[in-house]
Structure formats: structure tokens, C-alpha cells
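The values are calculated or read from the model by the stated rules, or taken from the named source; none is laboratory data. All figures in this text were calculated on a predicted structure; none of them were measured in a lab. For neighbour counting, all protein chains shown are included, and Cβ atoms are generated from backbone atoms with ideal geometry for every residue, glycine included.
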Amino acid sequence: MYRAFNTSRPKRKLIITLVNEKININSKSFTITFSAEFIDELMSSSLIRRKTASYKFFINNKEKQLVCPMLKSDDKKNIVICPSIKLPNRKYPVYVYIYAVILYLSSGLSMRKVALKVRTKFGLENFSHSTLSRVLNKLSLNAEEISMLLDTDDFEEPQTEIKMRPAWKETQLKKYQILHKTLSPILDPDKYMDFSSLLSYQFYERYHKYLI
């Protein structure tokens, strides 16, 4: 079942819904598409439209086009199916933003230096300290909700410690501690993509809003 929420500007009249679907990345092409199995499933159910929606997407140090299928609806609205690794109005994969936040919380580096490291690591041009600040604020507002998604019995303790800042208020520190504990798996190079995509999808499904 695909749940859709209207998050677009009135002029565009797009409804964007997230799915936990991995995307295929072809190094010879500047197009990212869903797997053939996923598209076949939509076509067999007669839900898919001929029309698609395309968005700029910076991944693997390259600017590409994310081609998203669109679904039919009874009220003739445009429903776009987007993978949870890509959120509306965010041009980078969701793991870039989470990685930046955890690096800041665990390294003791300034936001400017963290932004520089993120740009270098992921081959980005414009990721800034102000972007990091806004994402940290958004995630901290959702800290308790994020922690409720994770299975604490199977969850691995962070390998790093949070680096406290003198300017933090007590209420901020509590939220940052939750984020540091729950989002630290993003630092694991073997699981950061799957972890972030699944978290983004689960958050969307449970709370009917986007992670960041």
C-alpha cells in the first residue's frame, strides 16, 4: 500500500510519497531509476502512469537525474513515488545530512569544518555550515520520535562519544545525546546508505512527515 501526503507548492499540485526502494545507479548514465522489479509491480497493478517526474540529485560525487514514476489517482492528482533516500527539497541523499550531524556531535569540530569535511567526503560543492545548523535543529525537534523507531535490544552502542559544547543548553544536550545514540550507525561505511534510507522511510510511515 502506498500512502501519499501532499507536501508540494499549490502551483505544482504534486503529492510525493516515499517508498523504501533501492535505486539502481548506472555509472555510464546520468539517470537514476528504480529497479525493474518495482516498476513491474506497479505496472501489473495498473497504477503507473506514462508521465514521470525528474529531480536533480547529487550522489557518488556526481550530479544526476532521479527519475520517479507517477501513479494514477481517482481525483487525477499527480502522485510521485520517491525513494526514501531522497527527500523533497533536499538535493543530497539523506545520509549526507545525517552524517554531517553525527560528525559534528562526535568530533568537536566547528560547523564550518564539518561542512568542509562533508563536501570533501561526498564530492559536494555547496554544503554549508548553515545547512548543517538547520538540519541539526530539525532532527533535534524529532529526536524522541526517531528514538522510538529503533529496537533498543539489538541496537549497537555508539563507537564515539558526544563532544559537548559550552554554549549548549540542557534541553539541547538531552536531544543531542538522543541523536548521537540513535544515529551513530551512519558512520559505518558498510551500512550508512541502508540505515539512513530505512530510517527515513520508517519515520515517514509512522509520523506522516519527512525526517528532515
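Residues in region 107-118 that are modelled with pLDDT of 95 or more and part of a helix (DSSP H, G or I): 111, 112, 113, 114, 115, 116, 117, 118.
Among the residues making up region 107-119, those that are surrounded by 19 or more Cβ atoms within 10 Å (Cβ to Cβ) and either farther than 25 Å from residue 25 by Cβ or touching a His at 6+ places or on another chain (Cβ under 7 Å) (or both) are 114, 115. For region 96-105, the count of residues that are of a type outside the set (Ser, Thr, Tyr), surrounded by 13 or more Cβ atoms within 10 Å (Cβ to Cβ) and modelled with pLDDT under 95 is zero. On inspection, residue 197 qualifies as touching a strand residue (DSSP E or B) at 6+ places or on another chain (Cβ under 8 Å), at pLDDT 90 or above and either part of a helix (DSSP H, G or I) or not basic (Lys, Arg) (or both).
Looking at region 29-41, is at least one residue more than 17 Å from the chain's Cα centre (by Cα), surrounded by 20 or more Cβ atoms within 10 Å (Cβ to Cβ) and over 27 Å from residue 126 (Cα atoms)? No, region 29-41 contains no residue that is more than 17 Å from the chain's Cα centre (by Cα), surrounded by 20 or more Cβ atoms within 10 Å (Cβ to Cβ) and over 27 Å from residue 126 (Cα atoms).
Residue 89 meets each of the listed conditions (1) loosely packed, with under 13 Cβ neighbours inside 10 Å; (2) more than 20 Å from the chain's Cα centre (by Cα) apart from (2). For residue 47, the criteria (1) surrounded by 15 or more Cβ atoms within 10 Å (Cβ to Cβ); (2) in contact with a Ser or Thr (Cβ under 6 Å, 6 or more places away or on another chain) hold in every case but one, which is (2). Looking only at region 200-211, residues that are part of a loop (DSSP other than H, G, I, E, B) and crowded, with 20+ Cβ neighbours inside 10 Å come to 2 in all. Total residues in region 124-147 satisfying the condition of being surrounded by 13 or more Cβ atoms within 10 Å (Cβ to Cβ) and part of a loop (DSSP other than H, G, I, E, B): the figure is 4. Taking the criterion of being of a type in the set (Lys, Arg) and at pLDDT below 95, the only residue of region 120-149 that qualifies is 121. The sole residue among 169, 117 that is touching a helix residue (DSSP H, G or I) at 6+ places or on another chain (Cβ under 9 Å) and among the charged types (D, E, K, R) is 117.
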